[in-house]
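K.L.:
Just passing along the structure, written as structure tokens.
The values are calculated or read from the model by the stated rules, or taken from the named source; none is laboratory data. Everything numeric in this text was worked out from a predicted model, so none of it was measured. Reconstructed Cβ throughout: ideal geometry from the backbone, glycine too, with neighbour counts over all protein chains shown. Note: accessible area is taken over every heavy atom of the protein model, side chains too, but ligands, DNA and RNA are not part of it. Shrake-Rupley method; radii C 1.70, N 1.55, O 1.52, S 1.80 Å.
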Amino acid sequence: MSFNSEYYVGDKDQLLVQTPYGTGLVTRIRPRIGPDVPPMHEIRLLEWEKAARASQIKSKRATVLYSTTEYQSIPPKKGDDVITPYGRGTITEFVTVRLLNKGKVNPVTKQPISEEVLTKFHVVINSWRLAGRSRVKCYLFSDQVKVVRKKTVMEMNAVERVEFAMKQKQGASRMFADKKYQEALNIYAGCIDAVRYIQHDTNNDNECRADLIDVMVTCSNNAATCCIQLHLWEEAFKFAKNALILLNALFEKRGAKIHGILNKDNGHCDAKMFGEWRVKSHIILARSLFEKDEYDLALDEIKMAREHISYYVVGKGATEQGALDYKLAKESVSRMRNQEREIIKLKSNITETKKEHLKLERARAQAMFQDTTTKSKKVSKLKKAQDKEEPAHSSENRQSSKEDETQNGAINAAPKQLKKKVSFATNLEERHDIAAEEEEEEVEEEEPWYEEHKEALILLGVAVLTFASFALARRSKRI
């Protein structure tokens, strides 16, 4: 029977029982009032609660049963939490057993029973913690186990939270394989929230801390990958950054007990943790920064990713891998080569986009200062044309200068006056071109001040209009 995993007030271990009114949850067993009075059971009728929610009935008293009868537990199945004579545990599997009976008689038919078919459950006791990763396992019959509701995340201890997150991670991986990225992201984020604050608990052993790092890093990177598929760039950046911080902290404490447990017990070699996982985080960071138009920071992330790949593929990291994890390191190296191809494509996209962005910026700058540049170009053209004409007529100018000195002495003695420029070009067309350019230059010099600042004045007018419309809208809302 499925029910909502909310907070339940009452006893710590709440039994799931079969009542005449359907499946019930024993939330509280009240103590005896007297020696002859049996204890009172407060039972929530789960099927009635479901019907009450559908009919929108607000009263909870209609779904609660008070009874002194001790009802039997619901039939246990695989994955249920149960109470046993040896503590609380989880059923991992069950088998059918045939028992031979001698001298046992059926009370109804009064006939002897030759054999009896029973179900034996394989229960892992969670309340017992042994050294390392050892667990207590029991084989019990159905009369020795009673089904209880599963704990909520707030009721779990550190070890139970880590185990819960690892189980949830497997379901999220199946969701991701089916391209259900939003559902997978919700599960990965739930796993991270479940184990987020237990890392500061000093009572945790090294195995629990190693599993905690494993869950936090893998779930963070996988959640960031889901965000990339959903185009949630800011969330992807945060998840990937969280995984990278944990991996860098673990890299600084190489050789410690937690690092050794991750290598031996969890089967994660250095090439996988510090190479493959860190490269994945850097790629996600580069993708998110690229989408936010932060090209230089994205290229820095790609550079660091390539450094990790070169260290564990051809550098010192390739020789540091031990003989025991040679196969694991080889698999991680092959995956890092695939990551390197992805990095090359991403880098080319970033560089091309960056060049296009710079071109657009230059074009905008040229458009802003277009008037001043056109004037400078026209002045340079006039100077070049005058420089070409001077050497062709230098000899004629010298002869005419002598005649002018003798004949026009009186004119030279007079005060100087402004004269128009004279062109010595031989062709008539060249004279017309130079004259037209001079006229354009004079017209440009006589342009009023507001022609040069036309764009700035337009932008100022648009800003004033938008501010006025916004003020009128706020005034209308107040009215």
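K.L.:
Anything in region 202-239 that is closer than 19 Å to residue 264 by Cα and among the charged types (D, E, K, R)? List them, or say none.
P.N.:
Result: 205, 207, 209, 211, 214.
K.L.:
Moving on. For region 59-67, state whether one or more residues are crowded, with 17+ Cβ neighbours inside 10 Å, outside any strand (DSSP E or B), touching a residue at least 60 places away in the same chain (Cβ under 8 Å) and out of contact with any His (no Cβ under 7 Å at 6 or more places or on another chain).
P.N.:
There is no residue in region 59-67 that is crowded, with 17+ Cβ neighbours inside 10 Å, outside any strand (DSSP E or B), touching a residue at least 60 places away in the same chain (Cβ under 8 Å) and out of contact with any His (no Cβ under 7 Å at 6 or more places or on another chain).
K.L.:
Helices (runs of 4 or more DSSP H) wholly in region 280-395 with at least 1 residues that are at pLDDT 85 or above - which ones? Working first, answer last.
P.N.:
Details: elements: 295-313, 316-320, 326-368, 370-392.
In region 280-395, 295-313, 326-368 are the helices (runs of 4 or more DSSP H) which contain 1 or more residues that are at pLDDT 85 or above.
K.L.:
Going by the conditions given, is residue 43 part of a strand (DSSP E or B), open to solvent by less than 100 Å² (accessible area, probe 1.4 Å) and without any contact (Cβ under 8 Å) to a residue 24 or more places away in the chain? Spell out how you get there, then give the answer.
P.N.:
On the way: part of a strand (DSSP E or B): yes; open to solvent by less than 100 Å² (accessible area, probe 1.4 Å): yes; without any contact (Cβ under 8 Å) to a residue 24 or more places away in the chain: no.
Taking the combined requirement at face value, the residue does not satisfy it.
K.L.:
Could you tell me which residue of region 109-159 is farthest from residue 194 (Cα to Cα), considering only residues that are part of a strand (DSSP E or B) and among the aromatic types (Phe, Trp, Tyr)?
P.N.:
Going through region 109-159, the residues part of a strand (DSSP E or B) turn out to be 112, 115-125, 136-141, 146-148.
Retained after the next criterion (residues that are among the aromatic types (Phe, Trp, Tyr)): 121, 139, 141.
On the way: 121: 29, 139: 31, 141: 33 Å.
Among those residues, the one meeting the criterion is 141.
K.L.:
Which of (1) open to solvent by 40 Å² or more (accessible area, probe 1.4 Å); (2) assigned to a helix (DSSP H, G or I); (3) under 29 Å from residue 131 (Cα atoms); (4) charged (D, E, K, R) does residue 214 not meet, given it meets every other one?
P.N.:
(1)
K.L.:
Quick one: which residue in 20, 75, 38 is loosely packed, with under 14 Cβ neighbours inside 10 Å and touching a residue at least 60 places away in the same chain (Cβ under 8 Å)?
P.N.:
Values: 20 fails: touching a residue at least 60 places away in the same chain (Cβ under 8 Å); 38 fails: touching a residue at least 60 places away in the same chain (Cβ under 8 Å).
The unique qualifying residue is 75.
Yes or no, residue by residue, for (1) free of Cβ contacts under 8 Å to residues at least 60 places away in the same chain; (2) open to solvent by 60 Å² or more (accessible area, probe 1.4 Å); (3) in contact with a helix residue (DSSP H, G or I) (Cβ under 6 Å, 6 or more places away or on another chain):
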site: 139; (1), (2), (3): yes, yes, no
site: 159; (1), (2), (3): yes, no, yes
site: 162; (1), (2), (3): yes, no, yes
site: 167; (1), (2), (3): yes, yes, no
site: 176; (1), (2), (3): yes, yes, yes
site: 183; (1), (2), (3): yes, yes, yes
site: 226; (1), (2), (3): yes, no, yes
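K.L.:
Moving to a separate point now. Looking only at region 88-104, how many residues end up being modelled with pLDDT under 90 and open to solvent by less than 40 Å² (accessible area, probe 1.4 Å)?
P.N.:
Qualifying residue count, region 88-104: 2.
K.L.:
Give the residues of region 250-274 that are over 19 Å from residue 309 (Cα atoms), modelled with pLDDT of 85 or more and within 25 Å of the chain's Cα centre (by Cα), sorted by residue number.
P.N.:
Correct list: 262 only.
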